[in-house]
1. Quick one: in the stretch 60-89, of everything that is surrounded by 14 or more Cβ atoms within 10 Å (Cβ to Cβ) and at pLDDT 85 or above, which residue is nearest to residue 43 (Cα to Cα)?
2. Would you be able to say whether some residue in the stretch 103-112 is at pLDDT 85 or above, within 18 Å of residue 138 (Cβ to Cβ), surrounded by 14 or more Cβ atoms within 10 Å (Cβ to Cβ) and out of contact with any helix residue (DSSP H, G or I) (no Cβ under 7 Å at 6 or more places or on another chain)?
3. Which count do you get for residues in the stretch 127-148 that are surrounded by fewer than 18 Cβ atoms within 10 Å (Cβ to Cβ) and either modelled with pLDDT under 85 or not in a strand (DSSP E or B) (or both)?
4. Can you find a residue that is in a helix (DSSP H, G or I), modelled with pLDDT of 85 or more and under 32 Å from the mean Cα position of the chain (by Cα) anywhere in the stretch 13-23?
5. For the list (1) exposed (fewer than 11 other Cβ atoms within 10 Å of the Cβ); (2) more than 36 Å from the chain's Cα centre (by Cα); (3) modelled with pLDDT of 80 or more, I need the number of the one condition that residue 2 fails.
6. Could you figure out which of (1) at pLDDT 75 or above; (2) surrounded by fewer than 18 Cβ atoms within 10 Å (Cβ to Cβ); (3) out of contact with any helix residue (DSSP H, G or I) (no Cβ under 8 Å at 6 or more places or on another chain) isn't true of residue 124?
7. Quick test of your reading of the structure: residue 96 fulfils all but one of (1) assigned to a loop (DSSP other than H, G, I, E, B); (2) modelled with pLDDT of 85 or more; (3) buried (at least 19 other Cβ atoms within 10 Å of the Cβ). Name the failing condition by number.
């Protein structure tokens, strides 16, 4: 008596081997996935710090565009802010520092190199983590028409 056997499908041994291979692969991938998920907040905090610094830089540029030049751009008019909460895992401090770049003085605040042209001022916006003081982002702007 002959038995008709179809040639389609997988055998039980092939299925077991597939499950073992996939299981071993997942065992290597899952720790990597967990590492990525646990460090996602670090990227988020960096992006929020960058946003806060660039927001203030744009505010300073807008003050210039209003026609007043940089007369009103002083550290007194843009005081330090502490404990800024943007809904992330950290709170941020944001400071505006205005330094003179005197020709021949080394190092200049923005470039760190000697400059022999006209006097410039360097505006630095720094965002750091509240409490630790760790600088997360710094934006430099150099302007020749910042008035004293």
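The values are calculated or read from the model by the stated rules, or taken from the named source; none is laboratory data. In this text, all values refer to a predicted model and were calculated from it rather than measured experimentally. Reconstructed Cβ throughout: ideal geometry from the backbone, glycine too, with neighbour counts over all protein chains shown.
1. That would be 84.
2. First, pick out the residues of the stretch 103-112 that are at pLDDT 85 or above: none.
Within the stretch 103-112, none of the residues are at pLDDT 85 or above, within 18 Å of residue 138 (Cβ to Cβ), surrounded by 14 or more Cβ atoms within 10 Å (Cβ to Cβ) and out of contact with any helix residue (DSSP H, G or I) (no Cβ under 7 Å at 6 or more places or on another chain).
3. Filtering the stretch 127-148 for residues surrounded by fewer than 18 Cβ atoms within 10 Å (Cβ to Cβ) gives 129-135, 138, 140, 142, 144-145, 147-148.
Next, from what is left, pick out any that are either modelled with pLDDT under 85 or not in a strand (DSSP E or B) (or both): 130-134, 140, 142, 144-145, 147-148.
Total satisfying the criteria: 11.
4. So the first thing to find is which residues in the stretch 13-23 are in a helix (DSSP H, G or I), and the list is 13-23.
From what is left, the residues that are modelled with pLDDT of 85 or more are 13-23.
Remaining after also requiring under 32 Å from the mean Cα position of the chain (by Cα): none.
No.
5. (3)
6. (2)
7. (1)
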